[in-house]
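Asks: Handing you a structure now.
The values are calculated or read from the model by the stated rules, or taken from the named source; none is laboratory data. Predicted model, so just to flag it, every value in this text is computed and none were measured. In this analysis, Cβ positions are derived from the backbone assuming ideal geometry, glycine residues included, and neighbour counts consider all displayed protein chains.
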Amino acid sequence: MKICVLPGDGIGPEIIAEAVRVLKALDLKIEMEEALLGGCAVDATGSPYPDATQKLALAADAVLLGAVGGPQWDNNPREQRPERGLLGIRKQLGLFANLRPAILYPELANASTLKPEVVAGLDILIVRELTGDIYFGQPRGIEVRNGERFGFNTMHYTESEIRRILRVAFEAAKKRNRKVCSVDKMNVLECTQLWRDVAIETGREYPDVELSHMLVDNAAMQLVKNPKQFDVMVTGNMFGDILSDEASMLTGSIGMLPSASLDANNKGLYEPSHGSAPDIAGKGVANPLATILSAAMMLRYTFANEDAAGRIETAVKKVLAQGFRTGDIYEPGMKKVGTRAMGDAVLAAL
Ligand code: NAI
Ligand code: MG
């Protein structure tokens, strides 16, 4: 297993160090090599995604990323901004499937702004298409027409683009509770009528997974009203952008949420859902669990090692049950720890 490790900026190096320790402790045949991405890469080479990093990322089976960005690069020209590095690597690796679990561990039920009984034990997976839809469709632009400004974008999907993301959702559901909810707006948008048709066709390949359909406005409502009705939700790029942010905030704890972005062969980029947290960078207080859980997703999706992924996830549940808390999830009465001590606790639990 060849892993390209990209610590990135801000808290990135601190949280990645803990995930790397956890991976090493599993005693698997893993080769890890580090490279630069983001602001640190701009500073060292002038490019946010330097050639040496591209080479390593292309040759690896998976990429483990911390986070990129920070205020010191905010005024850089567009090509020298850290986010350019992130977009560049996602595009170059063809990562069309974005998997974002929203899990609320029972011990953290008070972290949510929703009532504990609505969200306690929540475990859903949003599968978002990441390289198509209205975000990439042509034509697009702002023009003057008939004497006023006119803005336009184009929503489009080919059936093969829809089918491949649906298959990712069905495959993921097979490893979970065997339910897929496909989200569209077929009552208004033809493009998403095609989405629904292809979802129904693809569903026939997976008779052991229950398929349902929901219009996106209702899905937004149901996520807040009764989120536990869902197992896997699958949708296009724009709806997925919005719903995945909504779903992640049901849990109220950004430091706990991993993510995966996959290509057609399960090569993937794994990263926490949060950013580089410049406000706490270098202080040793960041929560490393989202990154450690991202490493677990890597073992599950790229390396098909469900056993090792499960071991990490069980260890994380155990440290929460033992009362270990970083600042972002701290409640009075719990054991407040920093990044390294949280990593130590996970290693001990492993
Ligand atoms: P952020 O996620 O970095 O921080 C938001 C808040 O959550 C901050 O108060 C931060 O301290 C806290 N937080 C985040 N992760 C945490 C962790 N692991 N443990 C404890 N607390 C944590 O989002 P923000 O502040 O909007 O962005 C900061 C920088 O990160 C910006 O430059 C932004 O562009 C970049 N960013 C990068 C992303 C990526 O690399 N994928 C994603 C989002 C933002
Ligand atoms: Mg978003």
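Asks: Go through Glu18, Glu83 for me and flag whichever is more than 17 Å from the chain's Cα centre (by Cα), within 29 Å of Lys283 (Cα to Cα) and either charged (D, E, K, R) or part of a loop (DSSP other than H, G, I, E, B) (or both). It would help to see each step written out before you state the result.
Replies: Working: Glu83 fails: more than 17 Å from the chain's Cα centre (by Cα).
None of the others qualify; the one that does is Glu18.
Asks: Say we look at region 264-274 and pick out the residues that are in a loop (DSSP other than H, G, I, E, B) and surrounded by 17 or more Cβ atoms within 10 Å (Cβ to Cβ); which of these is farthest from ligand 1 (Cβ to nearest atom)?
Replies: Going residue by residue through region 264-274, those that are in a loop (DSSP other than H, G, I, E, B) are 264-267, 273-274.
Then drop every residue that is not surrounded by 17 or more Cβ atoms within 10 Å (Cβ to Cβ), which leaves 266-267, 273-274.
On the way: Asn266: 21, Lys267: 18, Ser273: 7, His274: 3 Å.
Among those residues, the one meeting the criterion is Asn266.
Asks: Within region 133-154, is there a residue that is within 28 Å of Glu210 (Cα to Cα), surrounded by 11 or more Cβ atoms within 10 Å (Cβ to Cβ) and touching an Asp or Glu at 6+ places or on another chain (Cβ under 6 Å)?
Replies: No, the conditions are met nowhere in region 133-154.
Asks: If you don't mind, there's one more thing I want to ask. Restricting attention to region 175-227, which residues are touching a residue at least 24 places away in the same chain (Cβ under 8 Å), in contact with a strand residue (DSSP E or B) (Cβ under 6 Å, 6 or more places away or on another chain) and part of a helix (DSSP H, G or I)?
Replies: Once the filter is applied, which keeps residues that are touching a residue at least 24 places away in the same chain (Cβ under 8 Å), in contact with a strand residue (DSSP E or B) (Cβ under 6 Å, 6 or more places away or on another chain) and part of a helix (DSSP H, G or I), region 175-227 yields Thr192, Trp195, Ala199, Gly203, Val216, Ala219.
Asks: Considering (1) part of a helix (DSSP H, G or I); (2) surrounded by 20 or more Cβ atoms within 10 Å (Cβ to Cβ), say which one Asn98 fails and leave the rest.
Replies: (1)
Asks: Anything in region 287-310 that is among the hydrophobic types (A, V, I, L, M, F, W, C) and part of a helix (DSSP H, G or I)? List them, or say none.
Replies: Within region 287-310, the subset among the hydrophobic types (A, V, I, L, M, F, W, C) is 289-290, 292-293, 295-299, 303-304, 308-309.
The answer is Leu289, Ala290, Ile292, Leu293, Ala295, Ala296, Met297, Met298, Leu299, Ala308, Ala309.
Asks: Are any of the residues in region 99-114 at pLDDT 95 or above, in contact with a Leu (Cβ under 9 Å, 6 or more places away or on another chain) and either more than 16 Å from ligand 2 (Cβ to nearest atom) or over 24 Å from Ile312 (Cβ atoms) (or both)?
Replies: Scanning region 99-114, I find no residue that is at pLDDT 95 or above, in contact with a Leu (Cβ under 9 Å, 6 or more places away or on another chain) and either more than 16 Å from ligand 2 (Cβ to nearest atom) or over 24 Å from Ile312 (Cβ atoms) (or both), so the answer is no.
Asks: For region 45-62, state whether one or more residues are crowded, with 18+ Cβ neighbours inside 10 Å, closer than 14 Å to Ala295 by Cα and aliphatic (A, V, I, L, M).
Replies: Among the residues of region 45-62, at least one is crowded, with 18+ Cβ neighbours inside 10 Å, closer than 14 Å to Ala295 by Cα and aliphatic (A, V, I, L, M), which makes the answer yes.
Asks: Inside region 311-332, can you point out the residues that are in a loop (DSSP other than H, G, I, E, B) and modelled with pLDDT under 95? Lay out the reasoning, then the answer.
Replies: Within region 311-332, the subset in a loop (DSSP other than H, G, I, E, B) is 322-323, 326, 330-332.
Passing the criteria: Tyr330, Glu331, Pro332.
Asks: Closer than 29 Å to Asn305 by Cβ, among the polar types (S, T, N, Q), part of a helix (DSSP H, G or I) and under 13 Å from the mean Cα position of the chain (by Cα), is that true of Ser248? Break it down into steps so the answer makes sense when it comes.
Replies: Working: closer than 29 Å to Asn305 by Cβ: yes; among the polar types (S, T, N, Q): yes; part of a helix (DSSP H, G or I): yes; under 13 Å from the mean Cα position of the chain (by Cα): yes.
Yes: the conditions hold for Ser248.
Asks: Name the single residue, out of those in region 279-334 being free of Cβ contacts under 8 Å to residues at least 60 places away in the same chain, hydrophobic (A, V, I, L, M, F, W, C) and near ligand 1 (Cβ under 10 Å from one of its atoms), that is surrounded by the most Cβ atoms within 10 Å (Cβ to Cβ).
Replies: Looking at residues that are free of Cβ contacts under 8 Å to residues at least 60 places away in the same chain, hydrophobic (A, V, I, L, M, F, W, C) and near ligand 1 (Cβ under 10 Å from one of its atoms), I get Leu289.
Asks: In the list Ala295, Ala260, which residue meets the criterion of being within 16 Å of ligand 2 (Cβ to nearest atom), closer than 26 Å to Leu93 by Cα and among the hydrophobic types (A, V, I, L, M, F, W, C)? Walk me through how you get there before you give the answer.
Replies: Numbers: Ala295 fails: within 16 Å of ligand 2 (Cβ to nearest atom).
Answer to the check: Ala260.
Asks: Something else: Would you mind stating whether Ser253 is in contact (Cβ under 8 Å) with a residue 40 or more places away in the chain, within 16 Å of ligand 2 (Cβ to nearest atom), under 30 Å from Gln222 (Cβ atoms) and small (Gly, Ala, Ser)?
Replies: On the way: in contact (Cβ under 8 Å) with a residue 40 or more places away in the chain: yes; within 16 Å of ligand 2 (Cβ to nearest atom): no; under 30 Å from Gln222 (Cβ atoms): yes; small (Gly, Ala, Ser): yes.
When the stated conditions are applied, Ser253 does not pass them.
Asks: Out of Ala260, Ala172, which single residue is in a helix (DSSP H, G or I) and of a type in the set (A, V, I, L, M)? Give the derivation first.
Replies: On the way: Ala260 fails: in a helix (DSSP H, G or I).
Answer to the selection: Ala172.
Asks: Ok, one more. Among the residues of region 205-220, is any of a type in the set (Ser, Thr, Tyr) and within 16 Å of ligand 2 (Cβ to nearest atom)? Before you say what the answer is, go through the steps one by one.
Replies: Step one: of region 205-220, the residues of a type in the set (Ser, Thr, Tyr) are 206, 212.
Those still in the list that are within 16 Å of ligand 2 (Cβ to nearest atom) too: none.
Checked against the condition, which is being of a type in the set (Ser, Thr, Tyr) and within 16 Å of ligand 2 (Cβ to nearest atom), region 205-220 yields no hits at all.
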